[in-house]
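The values are calculated or read from the model by the stated rules, or taken from the named source; none is laboratory data. Model, not experiment: these values are computed from the prediction. Note that we place each Cβ from the backbone using ideal geometry, even for glycine, and neighbour counts take in every protein chain shown. Areas reflect the complete protein model, heavy atoms only, side chains present, ligands, DNA and RNA absent. Shrake-Rupley method; radii C 1.70, N 1.55, O 1.52, S 1.80 Å.
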Amino acid sequence: MGKKLLFGLGALVAGAGVAAAVTKKLTNEQKDKLAMKLDEAVLNGREKALKYNQYMQDYLEDKGIDSLKDKVVSRADELKNDQAVKEAFSSLKQATADLKERLEATKDKFEDLAQEDSADDWNDDIVIDGRSAFGEAKDQPYERPTETFYPHNN
């Protein structure tokens, strides 16, 4: 049912594209005939779409929604009473509690460190003296001189 609907809509779109390309090369009389055929095809497509929509609505009223709802509710009840799910939830709760304890302990450690150290200890800056750093680099001999590979050395 769905494939036929998609195929019909695809054919309709393809027909509209071809019609637009062909209308540039047609006379006024031919354009009128083509427009009438195109309008007829669009109306037929709409009628088919409405018919398939009605089929779907009838199916959902007869079988779909109530049975689907019952299946979902029964499956949810089964999962709710399943031992593996209960164990998974209890494991998750335990892991969450353990993580919360570890975070609180770490928070306490950082607060203790912050109280022990002064503000100056936390703001140590790294200062590099550029003259001494580059001076030492100049004093070091090169391990390998620069080699030119292309063009060849003569």
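What the table shows:
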item: Near pairs, Cβ below 8 angstrom, 6+ apart or cross-chain, from segment 31-45 (assigned to a helix (DSSP H, G or I)) to any residue that is among the hydroxyl-bearing types (Ser, Thr, Tyr); result: 31/23; 34/23
item: Residue 91 at pLDDT 80 or above and among the hydroxyl-bearing types (Ser, Thr, Tyr); result: yes
item: Candidates 4, 100, filtered to the one that is open to solvent by 80 Å² or more (accessible area, probe 1.4 Å), modelled with pLDDT under 85 and assigned to a helix (DSSP H, G or I); result: 4
item: Answer residue from segment 56-78, given it is surrounded by 11 or more Cβ atoms within 10 Å (Cβ to Cβ) and not polar (S, T, N, Q) and is nearest to residue 7 (Cα to Cα) among those; result: 56
